[in-house]
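See structure below.
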Amino acid sequence: MEDKKGYKTSKVGTVISTGMQKSIVVAVDRLVHHPKYKRIVRRTSTFMVHDEKSECKVGDKVRITECRPLSKRKCWRLREIISRAAEV
């Protein structure tokens with residue numbers, strides 16, 4: 001995804017933790033070409049995300065967008081919930 005002037009970066013990931021108030025942890029997977037072994041490797045990055053209404057649950061697929069720093073580790077906001085996790 002190319003960043004253009006005036007556009008914020010957004011990513012799609014899965015919620016892996018909701019243990020905090022108004023915050024969630026989202027795991028974002030990406031595929032990377034390994035330079036030595038010439039294979040495609042899956043890499044996972046985790047992001048602290050601000051969830052104002054605390055509406056996400058573990059397993060939800062969400063879209064997050066970049067914002068100003070909200071705390072030491074949190075500079076992403078929840079944009080939308082793409083799909084809900086299956087109820088157990």
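Listed here are the residues, each with its yes/no results for (1) at pLDDT 95 or above; (2) surrounded by fewer than 13 Cβ atoms within 10 Å (Cβ to Cβ); (3) in contact with a Lys or Arg (Cβ under 6 Å, 6 or more places away or on another chain).
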| residue | (1), (2), (3) |
| --- | --- |
| Gln21 | yes, yes, no |
| Ile24 | yes, no, no |
| Ala27 | yes, no, no |
| Ile40 | yes, yes, no |
| Arg43 | yes, yes, yes |
| Phe47 | yes, no, no |
| Asp60 | yes, no, yes |
| Thr65 | yes, no, yes |
| Ala86 | no, yes, no |
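Kindly indicate whether Cys56 is in contact with a Pro (Cβ under 9 Å, 6 or more places away or on another chain), surrounded by 15 or more Cβ atoms within 10 Å (Cβ to Cβ) and free of Cβ contacts under 8 Å to residues at least 60 places away in the same chain.
No.
Determine whether region 69-76 contains at least one residue that is surrounded by 13 or more Cβ atoms within 10 Å (Cβ to Cβ) and assigned to a loop (DSSP other than H, G, I, E, B).
yes
The values are calculated or read from the model by the stated rules, or taken from the named source; none is laboratory data. Bear in mind the structure is a predicted one, so any value in this text is a computation, not a measurement. Virtual Cβ from ideal backbone geometry, glycine too; neighbours counted across all protein chains shown.
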